[in-house]
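Below is one structure, written out as structure tokens; the observations come after it.
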Amino acid sequence: MSLSFLHPALLWGLAAAAIPLAIHLFHRRRPKAVPFPAIDFVMQARRETERRLRLRRILLFAARTALLAAAALAIARPRLSTPEASAAPGPAGPAATAVVLDTSASMAYRLGGRTLLDRARDDVLEVLASLGPDEPATVVICGGEGAPQADPPGFDRLALRRLVADAGQGFAHSDLTTCVTAAVRALGDPAAAATSRRRLVVATDLTASAWRLDAPPPVVTTAAGALRPEVVLLDAPRGERLGNRWVGGLVAEPEPAAGAHGYRIGVTVNGEGVEAERDVPLLLRIGAGKDERTVLRSLLELPASGSTRKALAHDFAVGGPAVVTVALPPDALPEDDALTLVVDVPRDVKVLVVNGAPSAVRHRDAAYFLEAALSGPASPVRPTVVDAEGFAKARLGDYDVVMLLDLRAPGPKAAELTAFVENGGGLFVAMGDDVDPDRYDAEVGGLLPAPLHVVKTAAERGTPGAEAKAARLAEIDWDHPALRVFTGQAREGLESVRAWRYMLLKPGAKEGGARVLARYDDGAPALVEARRGKGRVMLFASTLDPEWSDWTIRTSFLPAMQRIAAWLAGSLDERRSAPGVVGAPRPLELPAGSSLAAVVGPDGRERREFAARGGGAAEGPPVFTPDRPGLWQVKVRDRATGGERLDPALAFSAWPDPRESDTRRLEPAELTAWFGGEALARVASDGKPSGTREVPLWSWLLLLAVGAFLAEGLLVS
């Protein structure tokens, strides 16, 4: 029989039991005796009354002291444990024991100031200490998806205790079914053949997501045949419910209404086993490390079970990779209370618009509509408009993209324009009445996605039936980054575009590596792009003014022009890989001419042991497996100079595994039934492998406190 306390740190409250004594001593009077014969008879009567009230005062003092002492002891939750017969008795004799220690992310849950892993580690050490000298044992650390290392049972207790003491908190999902199968397999080793029993001890939190009960239960393979082990499940939470809330999802989408670099941050918050709450604070933080700052505070309603969604808007100051973190107030499992996402914000794009057909009538001017679309308040594009004469004097190196609108031909700028694109610049070419196909082919024929041919007239604008005869856009490549923004009903803004005239391209466009993004309904290419050197070129077969096409009055024109400019500048590349969960391997696509130097984790520690995996074309990209949630930054080494630097474009985030955030627990009967029923398996809610009967004394102490309170009231009245 033993007495223990669930919260021994709260026993300091027993000091309150001295309060009645202190009050009694403070109010105790010591009067000075003054003889006065006239009232001797009164004092004699008082002494007789004092004898009757003395017992009442003693009882009142005892009731008050018992009230405070019982309340303080009840808060400390005392328990009286007495040994009892094992719920899963086995044959007598020594047992070979396999112990599985769960170190998964959910074991970081905090109860009473300690993590569940701390409790489980103490439970396992107690199991090892209780083993006899003739009982071999092995320990399996379970903290990942794969099958763990399970050594044959042995007698090196010191090594096993060191293995348990060094078992750190993991942040990945653990598959306990796989772990116990590996542990039971180790019990079939010949090293355990000398013992008559096989025993499996699992120290875990009994969360349902860690078990696959549809798999067959593990059995020990021995020379005599298959044998089911005795199973003891050490319950780290001691039967307590594990309520949790967590940030379950995070997505960022462009939001032009928020600003030039505006984004809408969609957040999903989940709760399980918690009380419904109102006005739960939700923080939006931007940046990483010392540069991280809170930019928005919001409130949300959190249900007791289920999920809720919230949308947050933010306008980034500049373009480029940006780190976004959304966080809840920390709870008992703080590791899943925040999610981090790396967003590629389109950077400002400098565009030189060359107006080949200027006009005093604004709506007839070739650049009027394009300049208005690119200059919007929410646009990341900064246009500069020049005519053909200004184009001849312009320094192309000062811009990211050059857009030629109805320009007869590049002329003397052809060579400079070709070098500009091959060195990484972007070029957009739109047709018009002044365009000379032969001069384009002669001056920059190899630069365009396809050679120009002749102008085709589908219908004369303004004539009867012209709307029906006009060409329409078809076969649109909605997956292209420049057009991916058009979804749902927004696609009608492109599908409704009409063209009365357009330039036909010579056959063989695919031979130059061109990609047709849209065609007219007769099959002629309408929008074509190609890579030339390090740069990109896009050609629109009609005009960006109302002469040949009505695209300028369609709702798709403004977002399409802004995204096309960003795409040509290289600031709208393919989507960044979605964040993975902790423990999932992630390939690192390194820039040309560099190698992997280190990976910097959320804790600021560099992992350089992964740098030796290479990254050359023959070996493929290096693969890194994050071991904790948060932002991971990649440090690359320049092969030419040997210098190292952090590459923001390679930063990525790892999210907690949602299975570990779901802390719903299995019913003990369900798990013991899987292992073979109560005859073979049991759950030890006290964390002790031997059977014990536990009597909670705190409830009786509360009853004692209530009784003392009532007695105190009766004595005072």
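Scanning the stretch 643-683 for residues that are charged (D, E, K, R), under 21 Å from A108 (Cβ atoms) and part of a strand (DSSP E or B) turns up just one, R665. Counting only strands (runs of 3 or more DSSP E) that sit wholly inside the stretch 210-280, those with at least 1 residues that are over 30 Å from A578 (Cα atoms) and at pLDDT 95 or above are 230-235.
Per-residue answers, yes or no, for (1) modelled with pLDDT under 75; (2) surrounded by 15 or more Cβ atoms within 10 Å (Cβ to Cβ); (3) more than 22 Å from L128 (Cβ to Cβ):
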site: A681; (1), (2), (3): no, yes, no
site: G691; (1), (2), (3): yes, yes, no
site: V695; (1), (2), (3): yes, no, yes
site: W698; (1), (2), (3): yes, yes, yes
site: L703; (1), (2), (3): no, no, yes
site: A708; (1), (2), (3): yes, yes, yes
site: A711; (1), (2), (3): yes, yes, yes
site: L715; (1), (2), (3): yes, yes, yes
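Residues of the stretch 479-509 that are in contact with a Phe, Trp or Tyr (Cβ under 9 Å, 6 or more places away or on another chain) and of a type in the set (K, R): R484, R491, R498, R501. Quick check: is even one residue across the stretch 287-294 in contact with a strand residue (DSSP E or B) (Cβ under 6 Å, 6 or more places away or on another chain), farther than 18 Å from L312 by Cα and part of a strand (DSSP E or B)? No, there is no match, as no residue in the stretch 287-294 is in contact with a strand residue (DSSP E or B) (Cβ under 6 Å, 6 or more places away or on another chain), farther than 18 Å from L312 by Cα and part of a strand (DSSP E or B). Among the residues here, V444 does not qualify as crowded, with 19+ Cβ neighbours inside 10 Å, over 24 Å from K506 (Cα atoms) and in the same structural domain as Y502 (by TED's automatic domain parsing). Within this structure, L447 passes the test of being assigned to a loop (DSSP other than H, G, I, E, B) and not polar (S, T, N, Q). You will find that of R461, R472, the residue that is at pLDDT 90 or above and surrounded by 13 or more Cβ atoms within 10 Å (Cβ to Cβ) is R472 and no other. Looking across the stretch 503-524, just one residue is touching a Lys or Arg at 6+ places or on another chain (Cβ under 6 Å) and closer than 20 Å to G432 by Cβ, and that is L504. Kindly establish whether R197 is farther than 20 Å from G132 by Cβ, at pLDDT below 95, of a type in the set (K, R) and in contact with a Gly (Cβ under 7 Å, 6 or more places away or on another chain). Answer is no for this residue. Selection of strands (runs of 3 or more DSSP E) fully inside the stretch 328-414 by the criterion of at least 3 residues being free of Cβ contacts under 8 Å to residues at least 40 places away in the same chain returns 381-387. Being hydrophobic (A, V, I, L, M, F, W, C) and modelled with pLDDT under 95 is the filter; apply it to the stretch 343-368 and report the residue that is surrounded by the most Cβ atoms within 10 Å (Cβ to Cβ). If we take residues in the stretch 343-368 being hydrophobic (A, V, I, L, M, F, W, C) and modelled with pLDDT under 95, then A366 is surrounded by the most Cβ atoms within 10 Å (Cβ to Cβ). When P464, P437 are checked against the criterion of being more than 21 Å from A394 (Cβ to Cβ) and without any contact (Cβ under 8 Å) to a residue 60 or more places away in the chain, P464 stands alone in meeting it. Screening R162 against (1) modelled with pLDDT of 95 or more; (2) surrounded by 15 or more Cβ atoms within 10 Å (Cβ to Cβ); (3) not hydrophobic (A, V, I, L, M, F, W, C) leaves a single unmet condition, (2). When S653 is tested against (1) among the small types (G, A, S); (2) over 21 Å from the mean Cα position of the chain (by Cα); (3) at pLDDT 90 or above, just one condition goes unmet, and that condition is (2).
Restricting the first member to the stretch 98-121 and to residues that are closer than 18 Å to T177 by Cβ, and the second to residues that are of a type in the set (F, W, Y) and surrounded by 21 or more Cβ atoms within 10 Å (Cβ to Cβ), the beta-carbon pairs closer than 6 Å and six or more apart or on different chains are A105/F171. Screening the stretch 619-642 for residues that are assigned to a loop (DSSP other than H, G, I, E, B), surrounded by 21 or more Cβ atoms within 10 Å (Cβ to Cβ) and touching a residue at least 40 places away in the same chain (Cβ under 8 Å) and picking the one that is farthest from the chain's Cα centre (by Cα) gives P626.
The values are calculated or read from the model by the stated rules, or taken from the named source; none is laboratory data. No experiment lies behind these values; they were computed from the predicted model shown. Neighbour counts are summed over all protein chains in view; Cβ atoms, including those assigned to glycine, are modelled from backbone coordinates with ideal geometry.
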